[in-house]
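Below is one structure; the comments refer to it alone.
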Amino acid sequence: MRGSEPILNYITNYILKKGEELSKPVPTRTESEVEASLHELHIIRKTVRTFRHTGTLILALDFPEETAESRGETGYSEHTLAPPILQGWTPGKRVDMDEAEAFDLMQQGWVIKEIRLKRDGKTVERAHYRMGYRLFNDMERQILCDQQVQSAELEKYQLRAGNLMELYKNNQTGRATELFKLVLLLNVSLQWNVAKLLESEHFPARWNLEKRIKGLHFIRAITEIALSAPVFDWKEVGSRYYGAIGGSKAFDIHREEFLSWLEHNSGTSAELLGMISPGRITPMYFAGDLEGQWSTYKAGPVHALTDLSIAQDHYKTNAEILWLVENRAVLTRMAAEPDFVEQTNSLIVCVDGHMRSSHRTFIQRLLEEDRSIKQAILWSDYDADGLLITGEMSAALAGHELVLKFIAHDHQVYQDHAAFKAYMDLLLTTTHLEQEQVLGKREEWSRWINL
């Protein structure tokens with residue numbers, strides 16, 4: 001049997017309001033022996049001048065104790081698990097329930113009935129059910145059990161990741177530079193405990209502990225295969241890492257997030273690490289003359305390259321003006337203007353709302369292949385994301401001798417990123433606009449080129 005002190009401490013910490021306390025527990029006013037297992041706790045508020053009865057709690061103070069033997073190896077047995085109806089309950093949650101159903105749960109210690117009184121200390125203002133100590137204790141124990149399991153999983157990952165440096169030094173694929181940031185992250189992660197893993201800024205803040213550990217396994221798996229195989233498929237990553245049936249699907253549920261996270265941490269794409277089929281094909285839309293080893297495009301309609309072709313091919317252009325625009329509608333409208341792209345010798349690239357690693361790879365390789373491009377015009381939405389994207393565009397062009405032009409919402413042109421950012425910071429205090437709202441016409445676009 002269980003003493004009442006832990007239960008009273010739980011009530012004091014999670015149910016009572018500031019300035020409230022409990023009176024001595026008494027059995028419920030009933031002649032039934034079954035109902036006598038429930039007790040009433042009166043909630044009172046005392047000051048120097050007043051004494052007021054503010055509420056009543058009805059609960060079990062005595063119920064079966066779960067022993068280590070009854071819980072088994074995992075710490076739980078079927079009869080000690082909280083009823084499914086109580087999933088999602090928290091100490092602060094107030095719930096209306098069927099009286100008959102709630103009565104059984106109260107007897108077993110899972111829930112507490114809370115009755116709140118009006119200022120007269122007699123009239124019921126509201127009544128509802130709260131998390132009981134047994135449910136709270138069960139939840140805390142489950143959290144501890146999960147943490148122990150996940151701590152063991154983290155240690156398991158660290159044991160496997162520890163031999164990576166030798167493989168990295170002796171890699172046969174020539175990807176040491178591309179993989180350096182990932183190897184550095186994995187090396188740092190060998191020193192983490194659960195607390196440091198949860199605090200790490202290498203992960204999106206919303207990722208829980210389980211997902212972070214899974215993410216580390218993914219980075220370890222893709223680094224390992226990228227160091228040993230010239231090319232590989234998405235399914236091979238998990239299959240080779242886990243070496244068991246179902247391993248090929250191990251990372252499927254988080255595929256999109258993990259691939260984006262991989263790009264963020266490595267500064268490159270999975271395709272450049274050797275993945276020939278990431279389970280997705282992402283297009284890059286453009287208009288203008290472009291020539292690669294396996295394809296040639298002419299100024300006219302909107303064209304598209306896949307991230308796979310960008311990773312495996314090298315392109316060149318005879319264009320002198322490179323436009324980087326955020327939205328497809330802008331690209332489509334400019335490409336539709338008769339002969340504009342051809343006559344201005346332009347190449348217009350759409351980053352489609354997000355500057356991906358394939359965009360950076362395409363731009364940087366293009367600028368390295370030839371020197372025909374003389375200026376770049378950067379144009380995005382007039383909001384916080386647009387400012388971020390413009391900064392990413394500018395960073396992709398760094399290191400090349402180009403005239404940069406940033407387009408303002410009033411069609412003014414800035415040729416310095418710092419000045420453009422100052423303008424945007426001021427604009428965003430009052431105004432948010434999309435590119436399409438200030439699209440302009442051929443004459444304006446030509447003026448920007450000639451400035």
* **Mean separation of Cα contacts under 8 Å, 6 or more apart, over the residue count of the chain: relative contact order %** => 8
* Asked: Taking the Cα centre of the chain as the origin, how large is its charge dipole in debye, to the nearest 20, when only Lys and Arg (+1) and Asp and Glu (-1) carry charge on their Cβ atoms?
  -> 1160
* Asked: Remind me, relative contact order of the range 276-325 in percent, using alpha carbon pairs under 8 angstrom and six or more residues apart?
  -> 38
* Based on the Cβ-Cβ distance from residue 14 to residue 149, what FRET efficiency comes out when R0 is 25 Å, to the nearest 0.05? -> 0.45
* **Flagged links, alpha-carbon separation over 23 Å, of 298/374; 196/249; 93/118; 298/405; 316/374; 17/118** => 196/249; 298/405
* **Alpha carbon centroid spacing (whole Å) that separates the range 96-152 from the range 216-255** => 44
* Kirkwood Rh, Cα Rg: Rg to Rh for the range 118-253? -> 1.24
* To do: Mind ranking 188, 194 by accessible surface for me, highest first, 1.4 Å probe?
  => 188, 194
* Spread of Cα-to-Cα distances over 10 Å intervals beginning at zero, given as percent, for the chain -> 4, 16, 18, 15, 14, 13, 11, 7, 2, 0
* Using a/c under 1.5 as the rounded threshold, could you call the range 242-281 rounded, prolate or oblate? The axes a ≥ b ≥ c are square roots of the C-alpha gyration tensor eigenvalues, and prolate needs a/b larger than b/c, oblate otherwise. => prolate
* Structure fact -> Mean shadow area (nm²) of the C-alpha convex hull around the range 333-451 is 7.3
* Which value, in Å³ per residue, describes the convex hull spanned by the Cα atoms of the range 281-352? -> 75
* To do: Calculate for the chain the 222 nm mean residue ellipticity that helices alone would give, adding -39,500 (n - 2.57) per DSSP H run of length 4 or more and normalising by residue count, nearest 500 deg cm²/dmol.
  => -12500 deg cm²/dmol
* Asked: For the modelled label position 7 Å from the Cα of residue 374 along Cα-to-Cβ, which residues of the range 386-406 have backbone nitrogen atoms closer than 16 Å?
  -> 401-405
* **Segments 148-157, 301-310, 375-384 sorted - mean Cβ within 10 Å per residue, highest first** => 375-384, 301-310, 148-157
* Structure fact -> DSSP beta bridges in the chain: the antiparallel percent, rounded to 5, is 70
* **Relative contact order for the range 356-434, counting Cα pairs under 8 Å that sit 6 or more residues apart, in percent** => 33
* Isotropically averaged projected area of the range 260-304, using the convex hull of Cα atoms (one quarter of hull area), nm² -> 4.1
* To do: Would you mind classifying the range 96-135 by shape? Square roots of the alpha carbon gyration tensor eigenvalues, ordered a ≥ b ≥ c; an a/c under 1.5 is rounded, otherwise it is prolate if a/b is larger than b/c and oblate if not.
  => prolate
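The values are calculated or read from the model by the stated rules, or taken from the named source; none is laboratory data. A quick note: this is a predicted structure, and the numbers were derived from the prediction, not measured. In this analysis, Cβ positions are derived from the backbone assuming ideal geometry, glycine residues included, and neighbour counts consider all displayed protein chains. Calculation scope for accessible area: heavy atoms of the full protein, side chains included, ligands and nucleic acids excluded. Shrake-Rupley method; radii C 1.70, N 1.55, O 1.52, S 1.80 Å.
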